[in-house]
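Novice: My questions will all concern the structure given below.
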Amino acid sequence: MILLTGGLGYIGSHAATLLAKQGLDFIILDNLSNSKIDVLTRLEKITGKPIQFIHGDIRDRALLDQLFKNNPIQAVIHFAGLKAVGESMEKPLEYFDCNIHGSITLFEAMAEASIHKLVFSSSATVYGENDNPELVETMPTAMPTNNYGYTKLVIEQMLEKLAIANSRWSIAILRYFNPIGAHPSGLIGEDPQGIPNNLLPFVAKVATGELPILNVFGDDYPTPDGTAIRDYIHVMDLVDGHIKALDYIQNKSGCFIWNLGTGKGSSVLEIIENFEKVTGQKVPYQIAPRRAGDITACWANPEKSKHELDWQAHFSLEQMIEDLWRWTMPNKKEERI
Ligand code: NAD
Ligand code: WQD
């Protein structure tokens, strides 16, 4: 059995659909700080199976001990954490507590219960800004410009030291690029509270008329059209990488790092153009100043994941937008309310 921390969130819920599809047994632990309980019902609808869920916090050591005692858990996929870059600058201690202290509490409880297989959600943000936008796992990490990214770097470094100290640990660190899209059923997807920070959820809200206009943060970057470039990856491709990583570490000891990205970058203007083409909706936008902390361009070098995990992204940008749009369309939104 696998424990999914944060399994009702955006990425965790998509991972749950894939685990269920592959007949893998799992249990979800989530404190619902950034997700809604109705995701559980939706997961049951998609999978056709009851889903085991515990409402609780990774910082609750007694609860974790009980959970590990009562369930035959062999591995943990650790998604739980706070992820809003801007908020992390306003509330650093909340981020250190939830992400770093929460992870330490989880790892301690795992060690105590002799569970040493872990897949951790990291981020390409740990690479910082590089002269070469194609990011490879062997590149050195850099101090991220925001507190959220800092928590990811700290946890990565702790995990590497943990694996050195004790060879029983088998750890997969997955560096996500920019996950977008939704489950093809349209039943689950990213559901940000309030005004979204990330590009695609914002674009979708502009296309539905919920927000008036998109600010394109900077058109003076040294890129072909002047706007910043990122590697957008379909969330279903991303979660497939977790299952492959879990499989890889089954009989290995140590700490392994893999990029999860498509290897292809798209600019903000290319995203808008593709969104309009796929959905037939206009996305009004205006050029705004650069956003503090943003880098010019990055995309994954996915070769290591391809060779070692036999994993690669399959969904095209058009499919990512189609699935996001299916999830965002007003009829689906009404169903959720
Ligand atoms: P999300 O906020 O949708 O999901 C996180 C889930 O964890 C939520 O359901 C939340 O309620 C839960 N949670 C938060 N703190 C908790 C705690 N202390 N105890 C128990 N549950 C808790 O975020 P997501 O986009 O699904 O991201 C999942 C993981 O991937 C996070 O660790 C995030 O930092 C990382 N990540 C996300 C992205 C991205 O762009 N979405 C990119 C890189 C890395
Ligand atoms: C993408 C591009 C913006 C919004 C962030 C985190 C990272 C990871 C993923 C993890 C940038 C531009 C955006 C808007 C815009 N998070 N943009 N107008 O910044 O690459 O990565 O999310 O949990 O750690 O830093 O993603 O979607 O915010 O931005 O022009 O309203 O879109 O400037 O170039 P980012 P993003």
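Novice: Name every residue in the stretch 274-288 that is within 10 Å of ligand 2 (Cβ to nearest atom) and assigned to a loop (DSSP other than H, G, I, E, B), in order of residue number.
Specialist: Correct list: empty.
Novice: Restricting the search to the stretch 297-324, which residues are of a type in the set (A, V, I, L, M, F, W, C) and under 15 Å from Val136 (Cα atoms)? Show your work before the answer.
Specialist: First, pick out the residues of the stretch 297-324 that are of a type in the set (A, V, I, L, M, F, W, C): 297-300, 309, 311, 313, 315, 317, 320-321, 324.
The answer is Ala297, Cys298, Trp299, Ala300.
Novice: Sort out which residues of the stretch 316-337 are modelled with pLDDT under 95, of a type outside the set (Lys, Arg) and surrounded by fewer than 17 Cβ atoms within 10 Å (Cβ to Cβ), and write them in order of number.
Specialist: Met329, Pro330, Asn331, Glu334, Glu335, Ile337
Novice: Which residues, counting only those in the stretch 57-89, are surrounded by fewer than 18 Cβ atoms within 10 Å (Cβ to Cβ) and under 19 Å from Asp25 (Cβ atoms)?
Specialist: Within the stretch 57-89, Gln66, Lys69, Asn70, Asn71, Pro72, Gln74 meet the criteria.
Novice: Please tell me if Asn198 is over 19 Å from the mean Cα position of the chain (by Cα), at pLDDT 95 or above and within 8 Å of ligand 2 (Cβ to nearest atom).
Specialist: On the way: over 19 Å from the mean Cα position of the chain (by Cα): no; at pLDDT 95 or above: yes; within 8 Å of ligand 2 (Cβ to nearest atom): yes.
Against the criterion (over 19 Å from the mean Cα position of the chain (by Cα), at pLDDT 95 or above and within 8 Å of ligand 2 (Cβ to nearest atom)), Asn198 does not qualify.
Novice: Here's something else I'd like to know. Among helices (runs of 4 or more DSSP H) lying entirely in the stretch 16-99, which contain 2 or more residues that are of a type in the set (Ser, Thr, Tyr) and either closer than 28 Å to Leu187 by Cα or at pLDDT 95 or above (or both)? Steps first, please.
Specialist: Working: elements: 38-47, 61-70, 85-90, 92-95.
Filter on the stretch 16-99 gives 38-47.
Novice: Just give me the residues in the stretch 105-132 being crowded, with 17+ Cβ neighbours inside 10 Å and not in a helix (DSSP H, G or I), in sequence order.
Specialist: Answer for the stretch 105-132, where residues must be crowded, with 17+ Cβ neighbours inside 10 Å and not in a helix (DSSP H, G or I): Ile115, His116, Lys117, Leu118, Val119, Phe120, Ser121, Ser122, Ser123, Gly128.
Novice: In the stretch 11-18, is there at least one residue being under 20 Å from Ala182 (Cβ atoms), more than 10 Å from ligand 1 (Cβ to nearest atom), surrounded by 14 or more Cβ atoms within 10 Å (Cβ to Cβ) and not polar (S, T, N, Q)? So that I can check it myself, show each step before the final result.
Specialist: Step one: list which residues in the stretch 11-18 are under 20 Å from Ala182 (Cβ atoms), which gives 11-18.
Cutting the leftovers down to more than 10 Å from ligand 1 (Cβ to nearest atom) gives us 16-18.
From what's left, surrounded by 14 or more Cβ atoms within 10 Å (Cβ to Cβ): 16-18.
Subset that is not polar (S, T, N, Q): 16, 18.
Yes, the conditions are met somewhere in the stretch 11-18.
Novice: If a residue has to be on the phi > 0 side of the Ramachandran plot and within 16 Å of ligand 2 (Cβ to nearest atom) to count, how many in the stretch 1-31 make the cut?
Specialist: 1
Novice: Starting from the stretch 1-28, take each residue that is closer than 20 Å to Thr328 by Cβ and list its partners that are hydroxyl-bearing (Ser, Thr, Tyr), counting only C-beta distances under 7 angstrom and pairs at least six apart or across chains.
Specialist: These pairs meet every condition: Leu8/Ser35; Gly9/Ser35; Ile11/Ser121; Thr17/Thr47.
Novice: For the stretch 77-89, give me each residue that is within 15 Å of ligand 2 (Cβ to nearest atom) and at negative phi.
Specialist: Correct list: His78, Phe79, Ala80, Leu82, Lys83, Ala84, Val85, Gly86, Glu87, Ser88, Met89.
Novice: Can you tell me which residues in the stretch 212-226 are surrounded by fewer than 16 Cβ atoms within 10 Å (Cβ to Cβ) and either near ligand 2 (Cβ under 9 Å from one of its atoms) or closer than 19 Å to Gly280 by Cα (or both)?
Specialist: Of the stretch 212-226, the ones surrounded by fewer than 16 Cβ atoms within 10 Å (Cβ to Cβ) are 212-213, 215, 220, 222, 224-226.
The answer is Pro212, Ile213, Asn215.
Novice: Against the condition surrounded by 15 or more Cβ atoms within 10 Å (Cβ to Cβ), at positive phi and within 7 Å of ligand 1 (Cβ to nearest atom), how does Gly102 come out, does it pass?
Specialist: On the way: surrounded by 15 or more Cβ atoms within 10 Å (Cβ to Cβ): yes; at positive phi: no; within 7 Å of ligand 1 (Cβ to nearest atom): yes.
Taking the combined requirement at face value, the residue does not satisfy it.
Novice: Cβ-Cβ below 9 Å, separation at least six or inter-chain, first residue in the stretch 173-190 and more than 17 Å from Gly128 (Cα to Cα) and aliphatic (A, V, I, L, M), second in a loop (DSSP other than H, G, I, E, B) and within 11 Å of ligand 1 (Cβ to nearest atom): which pairs?
Specialist: Ile180/Glu190; Ile180/Asn198; Ala182/Ile188; Ala182/Gly189; Ala182/Glu190
Novice: Right, next: Please state which one of Ser170, Ser103, Ser121 is modelled with pLDDT of 95 or more and either touching a Leu at 6+ places or on another chain (Cβ under 6 Å) or within 10 Å of ligand 2 (Cβ to nearest atom) (or both).
Specialist: Ser121
Novice: Still on this structure: Of the conditions (1) crowded, with 19+ Cβ neighbours inside 10 Å; (2) within 16 Å of ligand 2 (Cβ to nearest atom); (3) not charged (D, E, K, R), Asn34 satisfies every one except a single condition; which number is it?
Specialist: (1)
Yes or no, residue by residue, for (1) assigned to a helix (DSSP H, G or I); (2) of a type in the set (Ser, Thr, Tyr); (3) more than 15 Å from ligand 1 (Cβ to nearest atom):
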site: Arg168; (1), (2), (3): no, no, yes
site: Arg175; (1), (2), (3): no, no, no
site: Ser185; (1), (2), (3): no, yes, yes
site: Asn215; (1), (2), (3): no, no, yes
site: Tyr221; (1), (2), (3): no, yes, yes
site: Cys255; (1), (2), (3): no, no, yes
site: Lys264; (1), (2), (3): no, no, yes
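Novice: Here's something else I'd like to know. Any residue at all in the stretch 296-315 that's loosely packed, with under 14 Cβ neighbours inside 10 Å and either polar (S, T, N, Q) or within 18 Å of the chain's Cα centre (by Cα) (or both)?
Specialist: Within the stretch 296-315, one or more residues are loosely packed, with under 14 Cβ neighbours inside 10 Å and either polar (S, T, N, Q) or within 18 Å of the chain's Cα centre (by Cα) (or both).
The values are calculated or read from the model by the stated rules, or taken from the named source; none is laboratory data. None of the values given here were measured: they were computed from a predicted structure. Cβ: placed from backbone, ideal geometry, glycine included. Neighbour counts: every protein chain shown.
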